[in-house]
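First up is the structure itself, then whatever we jot down about it.
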Amino acid sequence: ASTAARPSGVPQEDLESFQAHLSKSTRILALLGAGLSASSGLPTFRGAGGLWRTHDAMQLATPEAFARDPGLVWQFYNYRRHMALKAKPNPAHYALAELARKKEDFMTLSQNVDGLSPRAKHPEDKLKLLHGSLFDVKCSDFFCNYTESNNYTDPIVPALAIPTDESDPTTSDALQRRELDISNENVSLPELDYRHLPKCPKCKRGLLRPGVVWFGEMLPTNVIEDIDNWMTKNKKIDLIMVIGTSAKVYPAAGYVDRARVKGAKVAIINMDSNDVPAGGLRKGDWFFEGDAAQIMPEILK
Ligand code: BV8
């Protein structure tokens, strides 16, 4: 790569070779991760300041966790809804949405549940939310299929009101304080139980739950089918952009190799040069190191 770097640090030579390939590309995928929204102020999961570092994902993002302590899981998701509603899409979200509009055979596979790509006017038919959305809620009763899109109530129910200092009530030390308070009985915490939590208006039995895919749960079948249909067209794939993801979570991360098998070159945009998908970088791939919010507008223009 040439040393002549540009304002965003993108080496000129890499920029030119990428843009030459992009302009010739017709079938393009983008795989998005939490790093895309980092510049919008939303924490990532695994890197520095990562959400899962201050929380135990397995304690919060699983069906078992919700069955065991729905109030705690709702506090975690209600807080993230609150933060995501306050956040704004950044230039990377807009640049990607613009490219998706221009390129006919384009598909974005997003692992993000923060709602920022839809708010950046990403064409809906070209955006697949692999892990659902913080703004969908659905009935947790196995036999009920009620779902609703809810991005208007913050907090989703009064009992989940966010502390005035907007501190996250579910970080590990907040949880320890909570345990201590309960054991010392010096404050009667509003126990978040069935009575206070959002209930299904349809079956009147189940609690409503966040419309996200938890660990151990399948990704939405209609989303998987749409992507399979797009990928199994017997045409090659020209490019997959892997943006702001540690590519550790499956089956989402598996789409990189599936694109490679269909001939795709890979362009990685990541803050951390160590974060490359399984299989690493191949000859002719690109790695653009830095903030997606800086790099995406630059390389897509
Ligand atoms: C399934 C929604 C089976 C909820 C999420 C062992 C035990 C248990 C499970 C497993 C296991 N081994 C494998 C599994 C399967 C598991 C899995 O893959 N686990 C991993 C952790 C090993 N997968 C599942 O459970 C999936 N389901 O397998 O079902 C099944 C099959 C058939 C039938 C029935 C069941 C479901 C996975 C979905 C889980 N839900 N989220 C929520 O959000 O709360 S996953 C969660 O991780 C988020 O969605 C997130 O998007 C996703 C991936 O993380 P990233 O987006 O990549 O974020 P991360 O922080 O990791 O990385 C950020 C990157 O950005 C970094 O590289 C950083 O360098 C970079 N960055 C930072 N800042 C910037 C930047 N880049 C650019 N610019 C910046 N400014």
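The values are calculated or read from the model by the stated rules, or taken from the named source; none is laboratory data. All figures in this text were calculated on a predicted structure; none of them were measured in a lab. With ideal geometry, Cβ positions are generated from the backbone for all residues, glycine too; neighbour counts draw on all protein chains shown.
Laid out as a table, the results:
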{"read-out": "Options GLU166, GLU191; residue that is among the charged types (D, E, K, R), modelled with pLDDT under 85 and either under 21 Å from the mean Cα position of the chain (by Cα) or in a loop (DSSP other than H, G, I, E, B) (or both)", "value": "GLU191"}
{"read-out": "Which listed residue, of ILE162, ILE156, is under 24 Å from PRO201 (Cα atoms) and either surrounded by 21 or more Cβ atoms within 10 Å (Cβ to Cβ) or in contact with a strand residue (DSSP E or B) (Cβ under 8 Å, 6 or more places away or on another chain) (or both)", "value": "ILE156"}
{"read-out": "Long-range neighbours under 6 Å by Cβ, at least six apart or interchain, first residue closer than 20 Å to THR153 by Cβ within the stretch 80-102, second surrounded by 21 or more Cβ atoms within 10 Å (Cβ to Cβ) and of a type in the set (D, E, K, R)", "value": "ALA84/ASP114"}
{"read-out": "Scan of the stretch 45-92 for residues that are more than 10 Å from the ligand (Cβ to nearest atom), basic (Lys, Arg) and surrounded by fewer than 20 Cβ atoms within 10 Å (Cβ to Cβ), ordered by number", "value": "ARG68, LYS86, LYS88"}
{"read-out": "Hey, ILE268 within 17 Å of the chain's Cα centre (by Cα), closer than 27 Å to LEU42 by Cβ and either surrounded by fewer than 23 Cβ atoms within 10 Å (Cβ to Cβ) or not charged (D, E, K, R) (or both) or not", "value": "yes"}
{"read-out": "Residue within the stretch 216-227 that is surrounded by 12 or more Cβ atoms within 10 Å (Cβ to Cβ), in a strand (DSSP E or B) and either without any contact (Cβ under 8 Å) to a residue 12 or more places away in the chain or within 12 Å of the ligand (Cβ to nearest atom) (or both) present", "value": "no"}
{"read-out": "For LYS204: the one exception among (1) within 16 Å of the ligand (Cβ to nearest atom); (2) on the phi > 0 side of the Ramachandran plot", "value": "(1)"}
{"read-out": "Residue count, the stretch 103-127 (criterion: within 16 Å of LEU42 (Cβ to Cβ), without any contact (Cβ under 8 Å) to a residue 40 or more places away in the chain and of a type in the set (D, E, K, R))", "value": "1"}
{"read-out": "Residue within the stretch 10-22 that is closer than 30 Å to TRP230 by Cβ, at pLDDT below 95, in contact with a helix residue (DSSP H, G or I) (Cβ under 8 Å, 6 or more places away or on another chain) and within 15 Å of the ligand (Cβ to nearest atom) present", "value": "yes"}
